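Undergrad: Dropping a structure here in structure tokens format, bear with me for questions.
The values are calculated or read from the model by the stated rules, or taken from the named source; none is laboratory data. Quick caveat: nothing in here was measured; it's all calculated off a predicted structure. For neighbour counting, all protein chains shown are included, and Cβ atoms are generated from backbone atoms with ideal geometry for every residue, glycine included. Accessible surface is based on the protein model in full, side chains and every heavy atom, while ligands, DNA and RNA are left aside. Shrake-Rupley method; radii C 1.70, N 1.55, O 1.52, S 1.80 Å.
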Amino acid sequence: MQNLIELTKNDLEAFVAEDLKEHRFRAEQIWQWLWQKRVRDIDAMTNLSKPLREKLAAMATIAWPAIARVAESRDGTIKLLLRMGDGALIETVLIPMQDRYSQCLSTQVGCAMACTFCNTGKLGFERNLTYGEIMGQILVGRQYLEDRGMNPLKNLVFMGMGEPLLNLDNLIKVLTDLPCERGLSLSWRRSMVSTVGFPDKLNILGDLEIALPAISLHAPTQELRAKIMPKAAKVHLDDLMAALAAYPMRPRERITFEYLLLKDVNDSMEHADQLARLIDRKKGKINLIAYNATEGMPYEAPERGKVEAFEKRLWDHGLTAFIRRSMGADIKAACGQLKADEVK
Ligand code: SAH
């Protein structure tokens, strides 16, 4: 049985022509039912004839990721623990903005990067998510919001579990199909792909012009980065910065650098000065995130005053830096926390 949400737009066209032996405009209709109207039953595709629906139902199903658990935060953040067809668990988070929601998507089950501060890193790597499992998170997220009459989903961040650039083929397929007007109709320019950074893979995304990267930097020097992100730092910081300098961007676009502040590790004024020397103020902006603490991890968040002083120091150097709200702390919204709980 073919799960229809596993087919890219191109795959669906081939499936309709070769397996169903139908005219290609049928692919357009089915696509719209799947991604815009979000039906979960082939029989609901009412502009297909009854015999065609029966033929399709004999060959295919529509299977979304299942919601295993929901945690809603006082600040409006909603975290969904999702179960895949094979039982694998992943997380997706709906984050309230002014008049809309942004969704944080996972790209892998677990993660191979083993960053020392990260819960998902601790779980280790299980497997890549498929195209349909990544896209399926958006179906589930949108439906969840719509069922409750909440604000619409308009932005995506690839910042959930896993390292998106290590699942590059599926990431590219997803980014390619997102904007489709009879489909999800989500612009990649309103999306952000968060990565520890791999120059060769960043070059590919840059050439395709389908993604804006956010780089999980977290340290201003190669030495410190190697300590807190040992696997990511196998790519030398100089090589990463060179790849980013070459990343194609529109005049007012910026590369986002994420900087997780860890008490007494990377939060001193000297670190801020080093960071300012590293980042080209014309091309980069910095998001400061206070560490979202978890039990059993050897780190703490700095005091608020320290975070603000760090931000001010960057502005004094002429850089654009913002402290990002750490949302959903009461529901364990930090990467991997909810799954870690469930697995326990
Ligand atoms: N692997 C990708 C995307 C997933 S992680 C990446 O590294 O960018 C998304 C972001 O959450 C990364 O910046 C990561 O470093 C950060 N993160 C991980 N654990 C965290 C924690 N406990 N508190 C705050 N941010 C965390």
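Undergrad: Is it true that Asp316 is in the same structural domain as Thr120 (by TED's automatic domain parsing) and open to solvent by 50 Å² or more (accessible area, probe 1.4 Å)?
TA: For Asp316, the condition - in the same structural domain as Thr120 (by TED's automatic domain parsing) and open to solvent by 50 Å² or more (accessible area, probe 1.4 Å) - is met.
Residue-by-condition table, conditions (1) open to solvent by 50 Å² or more (accessible area, probe 1.4 Å); (2) closer than 24 Å to Asn170 by Cβ; (3) not aliphatic (A, V, I, L, M):
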residue	(1), (2), (3)
Arg40	yes, yes, yes
Thr46	yes, no, yes
Arg53	no, no, yes
Pro65	no, yes, yes
Asp86	yes, yes, yes
Leu89	no, yes, no
Cys104	no, yes, yes
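Undergrad: What pairs come out if I take residues in region 150-176 that are within 23 Å of Arg100 (Cα to Cα) and pair them with residues that are open to solvent by 60 Å² or more (accessible area, probe 1.4 Å) and away from the ligand (no atom under 16 Å from the Cβ) whose C-beta lies under 6 Å away, six or more apart or interchain?
TA: Asn151/Asp99; Asn155/Arg190
Undergrad: Six or more apart or on different chains, Cβ atoms under 9 Å: show the pairs whose first residue is in region 66-90 and closer than 18 Å to Gly110 by Cα and whose second is surrounded by 21 or more Cβ atoms within 10 Å (Cβ to Cβ) and among the basic types (Lys, Arg).
TA: Arg69/Lys79; Leu81/Lys339; Leu89/Lys339; Ile90/Lys339
Undergrad: Of a type in the set (D, E, K, R), over 20 Å from the mean Cα position of the chain (by Cα) and modelled with pLDDT of 95 or more, is that true of Lys173?
TA: Criteria not met by Lys173.
Undergrad: Scan region 67-84 for residues that are open to solvent by less than 50 Å² (accessible area, probe 1.4 Å) and either in contact with a His (Cβ under 9 Å, 6 or more places away or on another chain) or assigned to a loop (DSSP other than H, G, I, E, B) (or both) and report the count.
TA: Within region 67-84, residues that are open to solvent by less than 50 Å² (accessible area, probe 1.4 Å) and either in contact with a His (Cβ under 9 Å, 6 or more places away or on another chain) or assigned to a loop (DSSP other than H, G, I, E, B) (or both) number 4.
Undergrad: Tally time: how many residues in region 27-86 are modelled with pLDDT of 95 or more and in contact with a Pro (Cβ under 7 Å, 6 or more places away or on another chain)?
TA: Of the residues in region 27-86, 3 are modelled with pLDDT of 95 or more and in contact with a Pro (Cβ under 7 Å, 6 or more places away or on another chain).
Undergrad: For residues in region 301-312 being open to solvent by 80 Å² or more (accessible area, probe 1.4 Å) and in a helix (DSSP H, G or I), which is farthest from Lys282 (Cα to Cα)?
TA: Among them, the one singled out is Arg304.
Undergrad: For region 77-100: of the residues being in contact with a helix residue (DSSP H, G or I) (Cβ under 6 Å, 6 or more places away or on another chain) and of a type outside the set (Lys, Arg), which is nearest to Asn155 (Cα to Cα)?
TA: Per the stated criteria, the residue is Leu94.
Undergrad: What number of residues within region 285-300 satisfy the criterion of being assigned to a strand (DSSP E or B) and either out of contact with any Phe, Trp or Tyr (no Cβ under 9 Å at 6 or more places or on another chain) or not assigned by TED's automatic domain parsing to the domain that holds Phe257 (or both)?
TA: Of the residues in that region, 1 qualify.
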